[in-house]
Amino acid sequence: MKRTTALALAVTFLAALAAAGEITLNVQEHVLANGMKILMIPKPGVPRVVCHIYFNVGSINEKPGITGMAHVHEHLMFKGTKVMGVTDYGKDAAIDRQIDDIMGKIYREKYWKANGDPALIAELQKAADKLIAEQKPYIIKDDLWTQYMKNGGTGLNASTGQETTGYYVTLPANKIELQMLLESDRLMNAVWREFYSEKDVIMEERRLSENSPGYFFSEQVNAAFYAASPYHWDVIGWMDDLKKMTRSDLAEFHDTYYVPNNAVAIYVGDFDPKTLVPLAEKYFGRIPRGPDLEPIRTAEPPQYSEKRMYGEGPAPTSLQMMFHTVPAGHPDAAPLQVLGGILGAGGGGGPRGGGGGATGRLNKILVQDKQLAVSASASGRSQIYVGAFQFSAQPRVDKNVQPEDLEKEIWAEIERIKKDGVTADEIQKIKNRSEAAFIRSLQSSSGLASSVGRAELVRGWRSILTDLEALKKVGNEDIKRVAAKYFVKDNSLTAIYRRKSGR
């Protein structure tokens with residue numbers, strides 16, 4: 001059943017941000033019969049339109065054996081379709097079938113057997129390489145990008161995360177139909193052309209990451225923190241899975257998750273929704289509805305005992321303290337966000353750490369006042385199924401400060417917050433900063449498309465406003481309550497990494 005609704009929400013911000021004026025979100029929504037949502041935000045002015053398509057799929061929808069699949073899929077979606085990126089699809093497809101057959105034999109010999117025949121593997125690989133060379137004349141490189149550029153397109157890109165995948169392009173207002181034609185073709189007729197060579201490119205990406213100091217330790221910390229849920233692995237996946245992934249694996253993943261009833265298309269710019277809806281019906285409406293998708297099955301279980309990890313290598317000496325918290329939309333998410341801002345002042349970067357925090361309370365205590373750390377930050381993050389709060393710090397090794405010394409200082413600060421909370425000024429400062437960041441995110445068309453489109457996938461686009469309202473209501477008692485509830489030893493993972501002497 002199709003339905004169209006127009007919703008206009010006016011949000012007036014605090015007096016401290018009065019200069020920013022009144023922000024109105026005029027989101028018009030249309031749902032196709034196949035379940036695909038079309039969100040439209042008209043912005044008269046420059047005759048260009050930001051076109052984003054988001055899918056409710058990421059690395060958490062993978063499983064052991066196909067980790068990294070969502071990221072591989074993103075790469076391969078740029079390799080053409082039955083009509084794009086190829087001069088003769090029939091001959092191209094015939095070669096692909098031969099390559100798949102040979103690679104299947106290689107995989108069995110290489111990965112299914114304890115002692116595969118190296119000579120046979122080399123012979124098969126030589127035959128596959130010959131076919132790949134024969135296929136090249138039929139391939140039109142970067143055909144999708146070329147077609148968009150010819151028609152004034154910019155910013156063609158894509159991204160894959162743990163929970164969502166997005167495809168982006170910005171076009172002149174009179175070229176929206178082209179975007180719908182090309183993107184619906186990609187959804188219906190994707191061909192995983194150059195699958196094996198592109199997989200090699202992605203494995204090289206992982207190797208480059210592995211060469212970064214501390215990469216393996218960070219990866220193992222994340223895997224230990226998430227014991228059971230699919231947040232356990234990184235978006236790029238485990239190397240063994242990348243090696244053994246097949247084109248049939250990818251096709252099955254695509255057919256399951258890259259379906260219209262798991263997608264949101266959003267358009268922001270100078271256009272008339274009355275003309276856009278019929279185009280959406282014409283192009284996206286022709287795609288068959290996919291299966292109804294079950295949420296991920298394995299939730300992260302409660303942690304009943306403290307975890308500690310130690311590592312050493314060439315990266316700087318550091319401390320991470322991680323705590324399980326709550327998913328997005330939970331009543332405790334807003335107080336944890338405010339507390340993260342107060343302690344880290346925007347610093348921190350999730351389970352891998354990073355970020356600034358130069359104006360946060362933690363930095364003031366450990367870096368400025370006591371001069372025990374080079375850097376110190378904190379951050380809270382709520383996702384679809386899980387939440388995490390992290391403290392990160394690097395000790396002053398020149399003063400013989402150890403990570404354990406910083407750990408004691410951070411626990412002391414945690415206990416002070418549990419008892420006394422924080423100041424009203426600190427809370428208000430973070431509220432103001434969060435509102436200002438929210439306003440800035442809506443000022444650009446791409447930022448508006450990203451915020452609204454991604455939110456729609458999870459809890460509906462209105463959640464970006466209700467979350468802001470929840471943040472405004474946070475008080476000191478909320479801060480004390482969440483600190484006492486979540487910052488306990490049995491809910492923590494402490495990771496201590498030391499630079500190995502001589503490096």
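Brief remarks on what is shown
- Strands (runs of 3 or more DSSP E) within region 1-53 that include 2 or more residues at pLDDT 50 or above and over 30 Å from Leu187 (Cα atoms): 22-31
- The listed residue being under 20 Å from Leu250 (Cβ atoms) and surrounded by 14 or more Cβ atoms within 10 Å (Cβ to Cβ), out of Leu178, Leu144: Leu144
- Some residue of region 280-291 being in a helix (DSSP H, G or I), touching a strand residue (DSSP E or B) at 6+ places or on another chain (Cβ under 6 Å) and either at pLDDT 95 or above or more than 30 Å from Ala378 (Cα to Cα) (or both): yes
- For first residues located in region 117-132 and within 16 Å of Ser197 (Cβ to Cβ), partners that are among the small types (Gly, Ala, Ser) and surrounded by fewer than 15 Cβ atoms within 10 Å (Cβ to Cβ) and lie 6+ apart or on another chain with Cβ distances below 7 Å form the pairs Ile132/Ser197.
- When residues of region 256-293 are limited to those that are under 15 Å from Pro42 (Cβ atoms) and touching a Gly at 6+ places or on another chain (Cβ under 7 Å), the one surrounded by the most Cβ atoms within 10 Å (Cβ to Cβ): Ile266
- Selection from region 307-337 of residues that are in a helix (DSSP H, G or I), in contact with a strand residue (DSSP E or B) (Cβ under 7 Å, 6 or more places away or on another chain) and over 22 Å from Lys489 (Cβ atoms): Ala333, Gln337
- Entry remark, region 453-480: residues being in contact (Cβ under 8 Å) with a residue 24 or more places away in the chain, among the hydrophobic types (A, V, I, L, M, F, W, C) and within 23 Å of Gly341 (Cα to Cα) number 7 in total.
- Helices (runs of 4 or more DSSP H) fully within region 135-233 that include at least 2 residues being free of Cβ contacts under 8 Å to residues at least 60 places away in the same chain, within 24 Å of the chain's Cα centre (by Cα) and more than 30 Å from Ser382 (Cβ to Cβ): 195-210.
- The one condition in (1) at pLDDT 95 or above; (2) buried (at least 17 other Cβ atoms within 10 Å of the Cβ); (3) of a type outside the set (A, V, I, L, M, F, W, C) that Asp420 fails to fulfil: (2)
- Inside region 76-100, residues that are surrounded by fewer than 13 Cβ atoms within 10 Å (Cβ to Cβ), in a helix (DSSP H, G or I) and within 34 Å of the chain's Cα centre (by Cα) make up a count of 1.
- Within region 481-497, tally of residues that are buried (at least 17 other Cβ atoms within 10 Å of the Cβ) and touching a helix residue (DSSP H, G or I) at 6+ places or on another chain (Cβ under 6 Å): 7
- Scanning region 61-75 for residues that are over 26 Å from Leu448 (Cβ atoms) and either assigned to a loop (DSSP other than H, G, I, E, B) or aliphatic (A, V, I, L, M) (or both) turns up Glu62, Lys63, Pro64, Gly65, Ile66, Thr67, Gly68, Met69, Val72.
Every residue, every condition in (1) surrounded by 19 or more Cβ atoms within 10 Å (Cβ to Cβ); (2) touching a strand residue (DSSP E or B) at 6+ places or on another chain (Cβ under 7 Å); (3) in a helix (DSSP H, G or I), yes or no:
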residue: Gly447; (1), (2), (3): no, no, yes
residue: Arg454; (1), (2), (3): yes, yes, yes
residue: Asp467; (1), (2), (3): yes, no, yes
residue: Ile479; (1), (2), (3): yes, no, yes
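- Identity of the residue in region 355-410, of a type in the set (D, E, K, R) and under 18 Å from Leu336 (Cα atoms), that ends up nearest to the chain's Cα centre (by Cα): Arg381
The values are calculated or read from the model by the stated rules, or taken from the named source; none is laboratory data. None of these values were measured; they are calculated from a predicted model. Positions of Cβ are backbone-derived with ideal geometry, glycine not excepted, and every protein chain shown enters the neighbour counts.
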